[in-house]
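Below: the structure, in structure tokens.
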There are 2 protein chains.
Amino acid sequence: MNFDLADAIGLLRRTPPVLRALVSDLPDAWLRSTEGSDTWSPFDIVGHLIVGERTDWMPRARIILEHGEARPFDPFDRFAQVKESQGKSLGQLLDDFARLRKENLVALHALNLQPEDMVRRGKHPELGVVTLDQLLATWAVHDLTHLHQISRVMAHQYRDAVGPWIAYLGVLHCNGHSA
Amino acid sequence: MNFDLADAIGLLRRTPPVLRALVSDLPDAWLRSTEGSDTWSPFDIVGHLIVGERTDWMPRARIILEHGEARPFDPFDRFAQVKESQGKSLGQLLDDFARLRKENLVALHALNLQPEDMVRRGKHPELGVVTLDQLLATWAVHDLTHLHQISRVMAHQYRDAVGPWIAYLGVLHCNGHSA
């Protein structure tokens, strides 16, 4: 499927209510549990999505529009949420994420992007040349990657509880696939 | 984590609103697209969850409580939704699923299950002996398996659109893991 800005915005808009429905008031045993050392809990993942809203997607879109390939993106800190989420409640994080996402979609709309803007090029510090439409498609798929991850982390907590049904439950055979 | 009935119900209750937030009013290009031949779209998956509410989880719980291992479960039809969903809108399917899930959770509560009931045994036609708590844990993880699948199927539609970022997006490296 080709990238379509309106469709991608339609996906990006969904993620805050989906997350709220999925993890609000989740018992701590589910919310704070991971898949083992150096893996993330649903709480960690919401924090990571917030960092992306602040430092990744729209800042990078602006770098493409203002500097093109001349200025590589700042590297993204995959662990910033450890410090930033400390002492916050899940409710605060969900509110922060919803507010930042809304502000970013308002800002994206205000850019009034035209079809010819979509192929403008930027420079990723590791991946090299990328285009604006690839950045925006990645923003949407990044949400889906973490929804995929949260459902897997939650399922993992019942890995033993399902007994022989483990054979049929695909989510319990997913190894995460993270780079 | 050990199985806990109240926690499992807490998860089961979430799935209808999560699905509604995730797929309501999704453009058809996302809603009806699959990962290739013989794979399911988000629309198909909602239909499959409805069939489970009607024929799988609570009927099997009742077979365990009434017949134990003496009567194996009826086999589950993994393709019933193809016929049953035909001609229905996504809105109808989401409403049906929410209603059936609610009815089933009311019926589950009415069983007034005690800790000693949780280890009662039944017979799965392929997996052999299973316990009631394993069935109920599987009900919850089955929801998560299909949430995991929907996020993967949706992401798949932007597999090419994300360009070089495919390297970092775990959901695009998931092969489904289905039995």
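The values are calculated or read from the model by the stated rules, or taken from the named source; none is laboratory data. Since the model is a prediction, treat every value here as computed from it, not as a measurement. Glycine gets a Cβ as well: all are built from the backbone with ideal geometry, and neighbour counts include every protein chain shown. Areas reflect the complete protein model, heavy atoms only, side chains present, ligands, DNA and RNA absent. Shrake-Rupley method; radii C 1.70, N 1.55, O 1.52, S 1.80 Å.
Per the Cα gyration tensor, the range B:1-97 maps to an equivalent ellipsoid with semi-axes of 28, 18, 12 Å, ordered largest to smallest.
Please pull out the direction-averaged projected area of the range B:33-90, using the convex hull of its alpha-carbon atoms, in nm² to one decimal place. With every direction weighted equally, the projected area is 4.7 nm². Descending by average beta-carbon neighbour count within 10 Å, the peptides A:32-43, A:129-140, B:140-151 line up as B:140-151, A:129-140, A:32-43, the highest first.
Normalised by 2.2 N^0.38 Å, where N counts its residues, the alpha-carbon radius of gyration of the range B:44-132 equals 1.20. Once you list every other residue whose beta carbon is under 13 Å from the beta carbon of B:Pro16, what net charge do they have if Lys and Arg are +1 and Asp and Glu are -1? After counting each charged neighbour, the total is +1.
Could you state the angle between the C-alpha long axis of helix B:90-110 and the longest principal axis of the C-alpha atoms of chain B, as a value from 0 to 90 degrees rounded to the nearest 10? Taking the Cα atoms of chain B, the angle to B:90-110 is about 20 degrees.
Gyration tensor analysis over the Cα atoms of the range A:85-179 returns equivalent ellipsoid semi-axes of 35, 20, 12 Å (largest first, whole Å). Note on exposure: B:Asp56, B:Asp28 ranked by accessible area (1.4 Å probe, complete protein assembly) read B:Asp28, B:Asp56, with the most exposed listed first. Here the simple spin-label model places points 7 Å from the Cα toward Cβ, and for B:Met1 and B:Glu103 these points are separated by 3.0 nm. Here is how far apart the B:Gly87 label points are across copies: 6.2 nm, shortest first, using a point 7 Å from Cα toward Cβ.
Using only the alpha-carbon atoms, how far is helix B:42-55 inclined from the longest principal axis of chain B? Give it as 0 to 90 degrees, nearest 10. Helix B:42-55 sits at roughly 10 degrees to that axis. The Cα atoms of the range B:82-136 cover 43, 29, 11 Å along the three principal axes, with the biggest extent listed first. Distances between copies of B:Asp38, taken at a point 7 Å out from Cα along the Cα→Cβ vector and listed shortest first: 3.7 nm.
Per-residue mean of foreign Cβ neighbours for B:34-40 is 0 (Cβ atoms of other chains, 10 Å radius).
Across all C-alpha atoms in chain A, the radius of gyration and Dmax reach 17.7, 56 Å. Using Stokes-Einstein with the Kirkwood hydrodynamic radius over Cα pairs, what translational diffusion coefficient do you get for the protein assembly as shown at 4 °C and a viscosity of 1.567 mPa s, in µm²/s rounded to a whole number? Calculated translational D: 60 µm²/s. Relative to the first principal axis of the alpha-carbon coordinates of chain A, what is the inclination of helix A:132-156, with its axis defined by its Cα atoms, in degrees from 0 to 90 and to the nearest 10? It is inclined by approximately 10 degrees.
In nanometres and ascending order, the distances from the A:Glu116 label point to those of the other copies are 8.0 (point 7 Å from Cα along Cα→Cβ). You can think of it this way: the chain between B:Lys83 and B:Glu66 has 3.1 nm of extra reach, that is 0.36 nm per residue less the Cα-Cα gap.
Its residue count N sets the reference 2.2 N^0.38 Å, and the alpha-carbon radius of gyration of the range A:64-112 equals 1.53 times that reference.
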